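Beneath this line is the structure, given in structure tokens, with notes to follow.
The values are calculated or read from the model by the stated rules, or taken from the named source; none is laboratory data. The structure presented is a predicted model; accordingly, all values stated were derived computationally and were not measured. Backbone-built Cβ (ideal geometry, glycine too); neighbour counts: all protein chains shown. To get the accessible areas, we keep the full protein, side chains included, count just its heavy atoms, and leave off ligands, DNA and RNA. Shrake-Rupley method; radii C 1.70, N 1.55, O 1.52, S 1.80 Å.
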2 protein chains.
Amino acid sequence: MNIVFSDEQRLHHGRGELGDGRLMPVVEMPRRAEMILARAREVGLGEVIAPEDYGRAPLEAVHAPDYLDFLETAWNDWEAEHGGEHDALPLIWPVRSLRNVPPDHIDGRLGYYALGATTPITAHTWRSATASANTALSAAALLAEGERAAFALCRPPGHHATRDQLGGYCFLNNAAIAAEWLRERGSARVAVLDVDYHHGNGTQAIFYDRPDVLFISTHADPRQEFPYFLGYSDECGAGAGEGFNLNLPLAWGSDWTAFAPALEAATSRIADFAPEVLVVSLGVDTFERDPISRFKLTSDAFPRVGAKLAALGLPTLFVMEGGYAVEEVGVNAVGVLTGFEDA
Amino acid sequence: MNIVFSDEQRLHHGRGELGDGRLMPVVEMPRRAEMILARAREVGLGEVIAPEDYGRAPLEAVHAPDYLDFLETAWNDWEAEHGGEHDALPLIWPVRSLRNVPPDHIDGRLGYYALGATTPITAHTWRSATASANTALSAAALLAEGERAAFALCRPPGHHATRDQLGGYCFLNNAAIAAEWLRERGSARVAVLDVDYHHGNGTQAIFYDRPDVLFISTHADPRQEFPYFLGYSDECGAGAGEGFNLNLPLAWGSDWTAFAPALEAATSRIADFAPEVLVVSLGVDTFERDPISRFKLTSDAFPRVGAKLAALGLPTLFVMEGGYAVEEVGVNAVGVLTGFEDA
């Protein structure tokens, strides 16, 4: 399958994320994408294609216009107030007793438009995030043109980004943008399967009241893991979307034995839904040596994931999400894709 | 007037707060209290009295039991998960698209029970915060015994703490705890006047639906300043509390000429309310050289504030809140108190 990637996606490189009570190096780094790209080339996965620019319309189909304005201008506002020596991080947020309105000051707007402090905004964030979204859209277009599968090597990732909140290294929800674009291009039903270690809270929230986009996520139990406040098994969708959201949380330490039944439940539900296209939010931080995760999948599990997905027989768009074991991220991510192709 | 203070209030000393995109030294430091105490002794303000322990009941009259449990155990849980090298700071929060429920993991609970990342929990936080609340209660007891005024040298401060959220260097809302205790001891009406540079969002939220506790705050416009998401002039109280909340936000750069009319409006409303007791949330970060604030009050303004409050002729409890110009915080805070006494 062909790979879509843009060099602009390398530009965003946060200098610090809050974790363990300190600022530490951001694990979501450009080298992740480089390792995946190198591995795709090494195995001859397909042609590497630069994305087209789809403009603002497909972003606004998923994100609030004021949020996009914020993302585009945040660094300049931050630099004007604080200088550019440190990246922009939020320090207060409008939860419970506080009012949910964006203030004028950049620190207040950062808090309003963020859901966490692990996601610095840098001088290049907007450029890389839009390039990443265009990568997802360009790969979706390959499916629309009749390809069986395509790989959007998105970076920064997207699945934690909500309609109007950044977080978890994500700014624009690439998978949701591509899924919505495929819907608007004529696919009556789209399924999004998120196999990242972390729950895809943004994607869930964006489609939560919709029966035309099925969202399924396998992930670490949010009682114990980021994003903590979404991803529970009782979240089944709302209104017309009731029954079209399926969360399959798993305990810390889950290996293939625990993961495979969840994947089976996910693909079974997808088959019942009979979508015209499948979007896979592909995270490989389920890997046993991922530095911020606690599942125990070995590298040979990833081709099995790909084979299982191929058995659905659906046009499939792979959208890269997490995976922070940099040395192995290429082998593991591309392992899913070759497993899919070889099935 | 007598001063209540406990050495235990010195113990809490955070190592870093998030600001300007980095972890910087916490401006709310033990030396603030030491400078105020030294100045109070220097001018012979009154006797320095150690607080009594009032136990958990008066804390639960204002704060949620699960929040108190969290505060008491958070450091141990943090240390067990992350070690004790860095203080506990939250990194994700349950705003908008996320569910407002406390998870199991300490990082998730930190996010649930915090409203910002400027307020580290340390090994000594619970001890200092409860000592600070006992200081407010012990000073309130002096009023109940018939004193005209008392000074609770509270530290850590309290006015940003809500029913179940820490933030803005605050853990237990000392002023609210004292005000509620005075109400329960028989004062039919209590007024709380917050003259700190920052809006007293916690105190407002705690009494927002109550007609028996009038809350008034002069502060920097939240469109431009922490806490950003509360303190607007259209917040007038709710339900039975409608009309019993008054916010008087002022622009950056406000000096005495701008501050005095707000203080006049505040005292006029208090006089109309005719409370039996006045609680003053005393912040002196309105000072022109405060390192994190942008008002322009000079040191000679503070005795004028005290004189204005004295003119109300009410039993008055001063509860220390903010003020971060450490070298001048003693002169400025005690200036209010001597201005009150000399009027």
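Right, residue B:255: without any contact (Cβ under 8 Å) to a residue 40 or more places away in the chain and of a type in the set (D, E, K, R) or not? No, not satisfied.
Within the stretch B:281-303, residues that are more than 16 Å from residue B:258 (Cβ to Cβ) and free of Cβ contacts under 8 Å to residues at least 40 places away in the same chain sit with their Cβ atoms under 9 Å from residues that are open to solvent by less than 10 Å² (accessible area, probe 1.4 Å) and polar (S, T, N, Q), at 6+ positions apart or across chains, in these pairs: B:299/B:332. Looking at the stretch A:131-244, the strands (runs of 3 or more DSSP E) lying wholly inside it that each contain 2 or more residues that are free of Cβ contacts under 8 Å to residues at least 60 places away in the same chain sit at A:213-220. Counting only residues that are in a loop (DSSP other than H, G, I, E, B) and open to solvent by 40 Å² or more (accessible area, probe 1.4 Å), how many does the stretch A:17-29 have? The total comes to 3. The residue that is nearest to residue B:198 (Cα to Cα), counting only those in the stretch B:315-343 that are free of Cβ contacts under 8 Å to residues at least 60 places away in the same chain and part of a loop (DSSP other than H, G, I, E, B), is B:325. On the stretch given as the stretch A:293-314, residues that are assigned to a helix (DSSP H, G or I) and of a type in the set (Phe, Trp, Tyr) total 1.
The single condition from (1) within 14 Å of chain A (Cβ to nearest Cβ); (2) of a type outside the set (D, E, K, R); (3) surrounded by 22 or more Cβ atoms within 10 Å (Cβ to Cβ) that residue B:51 fails is (1).
The single condition from (1) facing chain B (nearest Cβ under 9 Å); (2) open to solvent by less than 10 Å² (accessible area, probe 1.4 Å); (3) not β-branched (Val, Ile, Thr) that residue A:136 fails is (1).
Scanning the stretch A:1-11 for residues being assigned to a strand (DSSP E or B) and surrounded by 23 or more Cβ atoms within 10 Å (Cβ to Cβ) gives a total of 2.
Checked against the criterion of being within 13 Å of another protein chain (Cβ to nearest Cβ) and open to solvent by 30 Å² or more (accessible area, probe 1.4 Å), the stretch A:108-128 contains one or more residues that satisfy it.
Among the residues of the stretch A:254-286 satisfying the criterion of being in a loop (DSSP other than H, G, I, E, B) and buried (at least 20 other Cβ atoms within 10 Å of the Cβ), which is nearest to the chain's Cα centre (by Cα)?
Top of the filtered list is A:283.
In the stretch B:30-38, is there at least one residue being outside any helix (DSSP H, G or I) and more than 10 Å from every other protein chain (Cβ to nearest Cβ)? Explain how you work it out, then say what you get.
The initial filter retains those residues of the stretch B:30-38 that are outside any helix (DSSP H, G or I), namely none.
No, every residue in the stretch B:30-38 fails to be outside any helix (DSSP H, G or I) and more than 10 Å from every other protein chain (Cβ to nearest Cβ).
Within the stretch A:139-164, being within 14 Å of another protein chain (Cβ to nearest Cβ) and in contact with a strand residue (DSSP E or B) (Cβ under 6 Å, 6 or more places away or on another chain) holds for A:159, A:160, A:161. Residue-level analysis places residue A:91 among those that are at the interface with chain B (Cβ under 7 Å from one of its Cβ atoms), in contact with a Leu (Cβ under 7 Å, 6 or more places away or on another chain) and open to solvent by 10 Å² or more (accessible area, probe 1.4 Å). Quick one: is residue A:66 within 23 Å of residue A:202 (Cβ to Cβ) and open to solvent by 10 Å² or more (accessible area, probe 1.4 Å)? Yes; evaluated as a whole, the condition is true for this residue. So is residue A:76 open to solvent by 10 Å² or more (accessible area, probe 1.4 Å) and at the interface with chain B (Cβ under 9 Å from one of its Cβ atoms) or not? Criteria not met by residue A:76.
For residues that are more than 22 Å from residue B:113 (Cβ to Cβ) and open to solvent by 40 Å² or more (accessible area, probe 1.4 Å), scanning just the stretch A:223-237, find the one that is farthest from the chain's Cα centre (by Cα). The residue in question is A:234. Tell me, please, whether a residue that is surrounded by fewer than 23 Cβ atoms within 10 Å (Cβ to Cβ), out of contact with any Leu (no Cβ under 9 Å at 6 or more places or on another chain) and closer than 24 Å to residue A:285 by Cβ can be found in the stretch A:199-212. Within the stretch A:199-212, one or more residues are surrounded by fewer than 23 Cβ atoms within 10 Å (Cβ to Cβ), out of contact with any Leu (no Cβ under 9 Å at 6 or more places or on another chain) and closer than 24 Å to residue A:285 by Cβ.
Return yes or no: is residue B:14 within 13 Å of chain A (Cβ to nearest Cβ), touching a Pro at 6+ places or on another chain (Cβ under 7 Å) and open to solvent by less than 10 Å² (accessible area, probe 1.4 Å)? Judged against the criteria, residue B:14 is a match.
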